[in-house]
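Reading through the structure tokens given below for one structure.
The values are calculated or read from the model by the stated rules, or taken from the named source; none is laboratory data. For clarity, every value in this text was computed on a predicted model and none was experimentally measured. As a convention, Cβ positions derive from the backbone with ideal geometry for all residues, glycine included, and neighbour counts pool all protein chains shown.
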Amino acid sequence: QNGAATLISPTGTRTALGGSQPSRATPDAGIYQVRQGDSLRASVAANLPPAEADLRRVTRDELADWLGNDGTIVTDTAEWRRAIYSPRRRFELWRAFVALSALLLVAELWVAAAGRKLSLPGTGQTARSSSS
């Protein structure tokens, strides 16, 4: 059949294939399809490199080598919490808004409960209004 071959990844990404040139477009594990036009020409399985699939716990030295100078290894829980929740963390603005909203709610309740005082003409007395 005519037409260029296309490599379709497990995620659906399409890559044009050219002649006998090798393709390195297999970053994801799974089944890749080679299609030419509407025809399926081949299915190819790609696996992750064994180093990426290794789930064993790394040693402290391996972790230090991997992190280099960009990280700190913390073994104490309290030390970890101090490192994560450091005093450098900025003020959380949402707390101020919650406090302000609570104060406004209390003020509104107080104003609503107090009602409005009306002057009664000619008597020098006041009365509360029940309407707004």
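Odds and ends about this structure:
- Only one of Asp61, Asp38 that is at pLDDT 85 or above and over 30 Å from Ile8 (Cα atoms): Asp61
- The residue that is surrounded by the most Cβ atoms within 10 Å (Cβ to Cβ), among those in the stretch 74-86 that are among the small types (Gly, Ala, Ser) and part of a helix (DSSP H, G or I), is Ala83.
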